[in-house]
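I have placed the structure first, in the form of structure tokens, so that the comments after it can refer back to it.
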């Protein structure tokens with residue numbers, strides 16, 4: 001289902017989309033599976049962040065670009081080889097943070113040669129593969145890391161998050177619960193577990209986790225943002241406005257939170273406020289496109305059509321995107337008719 005939304009891309013766990021004549025002002029909570037999937041697809045763009053069999057890797061990783069030092073000087077190579085496995089992993093992670101995947105691979109490969117049963121280099125290799133879009137290969141690397149270190153936190157957390165991305169939610173829950181059993185105060189694992197529950201449609205299981213994170217991190221805008229996302233999925237739009245308003249107050253420059261708050265106002269029935277916030281975040285044409293998408297998730301076909309047409313009217317260059325949404329709207333409308 002290809003819908004064009006104009007929202008801010010996210011990192012970590014922050015909400016995910018971002019993206020008039022009817023007397024009906026209040027949105028209804030999405031009751032159909034299709035409606036919920038559309039809505040989740042829309043708002044998940046802004047959310048701020050198990051397979052038990054373990055496959056053995058050959059340690060070759062030939063599909064990753066070969067790592068080489070900027071200089072091929074033999075002295076530099078020998079100096080690098082003098083580093084301990086822990087030092088190589090540390091340096092590899094520094095290169096990974098700078099998105100220098102070749103040098104990161106070089107360090108992790110050398111670490112594996114020196115310590116083939118250490119989980120940390122496998123985690124590094126998994127991250128390189130994941131960034132390259134090789135998700136299954138990355139999963140194998142994380143699985144090998146878990147095999148070498150069953151309690152290695154980075155390995156378990158990386159495998160859990162990737163499993164969720166691959167749709168293996170139960171697997172993700174198993175590993176995240178394992179982490180929390182060992183350390184109940186692990187805020188990152190708790191957040192990822194709550195996100196996984198939201199993704200599974202188990203919002204009631206996610207809410208107490210998000211609430212606990214808010215209590216322990218009252219100054220964190222992302223914590224309130226995630227709680228607001230959970231309220232949106234539950235249809236508790238007033239609560240979502242309160243939580244997201246708090247998040248925006250703590251981080252006024254976050255356009256992602258601004259988008260999420262606009263979504264909450266739209267679903268609460270305050271179209272004027274929603275348009276104002278969407279416009280601040282993505283501009284007026286995109287604001288109407290996003291509003292049309294939200295109307296579409298609620299089955300308000302006529303209002304959705306009006307919003308998409310308004311987006312096209314305000315900016316002719318917006319025509320292809322809004323037209324695709326209109327086409328999708330027509331398909332959904334036809335399916336809903338008896």
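The values are calculated or read from the model by the stated rules, or taken from the named source; none is laboratory data. Here the structure is a predicted model, which is why all the values come from computation and not from measurement.
Some observations on this one:
- Test result for residue 116, outside any helix (DSSP H, G or I) and either modelled with pLDDT under 95 or over 18 Å from the mean Cα position of the chain (by Cα) (or both): yes
- Segment 224-238, subset assigned to a helix (DSSP H, G or I) and more than 19 Å from the chain's Cα centre (by Cα), residue nearest to residue 199 (Cα to Cα): 237
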